[in-house]
1. Taking Arg125 and the conditions (1) basic (Lys, Arg); (2) under 13 Å from the mean Cα position of the chain (by Cα); (3) at pLDDT below 95, which numbered condition does it fall short on, given that it satisfies the others?
2. May I ask you to list the residues in region 16-68 that are on the phi < 0 side of the Ramachandran plot, outside any strand (DSSP E or B) and polar (S, T, N, Q)?
3. Just wondering, is there one or more residues in region 126-143 that are farther than 24 Å from Thr210 by Cα and in a loop (DSSP other than H, G, I, E, B)?
4. Within region 69-77, is even one residue among the charged types (D, E, K, R), surrounded by fewer than 16 Cβ atoms within 10 Å (Cβ to Cβ), in contact with a strand residue (DSSP E or B) (Cβ under 8 Å, 6 or more places away or on another chain) and not in a strand (DSSP E or B)?
5. Taking the condition at pLDDT 95 or above and over 14 Å from the mean Cα position of the chain (by Cα), does Val246 pass?
6. Return a yes/no flag: does region 90-104 have any residue that is modelled with pLDDT under 95, hydroxyl-bearing (Ser, Thr, Tyr), in contact with a Ser or Thr (Cβ under 6 Å, 6 or more places away or on another chain) and more than 29 Å from Ile221 (Cβ to Cβ).
7. If I ask for residues that are loosely packed, with under 14 Cβ neighbours inside 10 Å, out of contact with any Asp or Glu (no Cβ under 8 Å at 6 or more places or on another chain) and under 24 Å from Arg245 (Cβ atoms), which ones from region 28-60 would you list?
8. Scan region 192-234 residue by residue and report those that are under 15 Å from Ser182 (Cβ atoms) and in a strand (DSSP E or B).
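The values are calculated or read from the model by the stated rules, or taken from the named source; none is laboratory data. Worth saying up front: this structure is predicted, and the values here are computed from it rather than measured. Neighbour counts run over all protein chains shown; Cβ positions are idealised from the backbone, glycine included.
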Amino acid sequence: IWTQDLELVETIDAHPVNVYSLAVLDDTLYSCSNDGTFKAWNWGTWDAKKTILEKQQNDIIKIYVDNNILYASNDQGELFCFENEELTASYYLHEDIADLVIIGPLVFNARNVDVSVTEMMGGPRFNYMSRGAMIGRFPIRRVGDYVCFLDRSARNVFVHNSTKEEKFKRVYNIKAHDMTISAMAALPGKEHIMLTGGFDRILKAWDLTTAKNIGRLDTGICINDICGGEPGQIFISSNEGYLARVDCTFP
């Protein structure tokens, strides 16, 4: 656990194997792993609060928060919904999940070759309905009112509308990088700006009102992930253990 100035606060021995995803909701940090567990940690004291799921046969690979609802998914296509850390619904999407974005009842599931959209119908039966599919692959991120994900080459970014009414129409195809993109994020405080990075070590900024490149920075590292911080601030990491804060200034 790090401060905004990258001073180490705490180290949690959370899982015996890889941690796949983290999320924060209210005063709790959540983690999941390929050990089949989904855990909660008290914010600030960093002690164990609760094991929400355990002894799962499949890897829990993604945690997501939307409208104060907590979601966890595994690599076999199961999606679990929690409120107040109690399981309220589960859906089987019939396809593996590599990365996802959830907006209200809509689940955007990104895999290796396509992105599917599923609508969760709610109780009492908790049915679901397929709303469409698009060519593309993970990672997938929400940037403002758009959903953004990679094309199959993993070097370009597809920008799509995020509503049924707009039929998830593609708005832009951004020729972003010459090498594989591995990370995307919205810039906090400027949600119309998307940041991308990957194997070419270049962090780029894109204005999604025009699809124009408005900034670039040679970071010197292969960017593995991008995470938002305070307004105008992001953090980038590499699989070599490098972590850096980048302060972004745009009009």
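1. Of the numbered conditions (1) basic (Lys, Arg); (2) under 13 Å from the mean Cα position of the chain (by Cα); (3) at pLDDT below 95, the odd one out for Arg125 is (2).
2. Asn18, Asn34, Thr37, Thr45, Gln56, Gln57, Asn58
3. Within region 126-143, one or more residues are farther than 24 Å from Thr210 by Cα and in a loop (DSSP other than H, G, I, E, B).
4. For region 69-77, residues among the charged types (D, E, K, R), surrounded by fewer than 16 Cβ atoms within 10 Å (Cβ to Cβ), in contact with a strand residue (DSSP E or B) (Cβ under 8 Å, 6 or more places away or on another chain) and not in a strand (DSSP E or B): present.
5. Yes.
6. no
7. none
8. The answer is Met194, Leu195, Thr196, Gly197, Gly198, Ile202, Leu203, Lys204, Asp225, Ile226, Cys227, Ile234.
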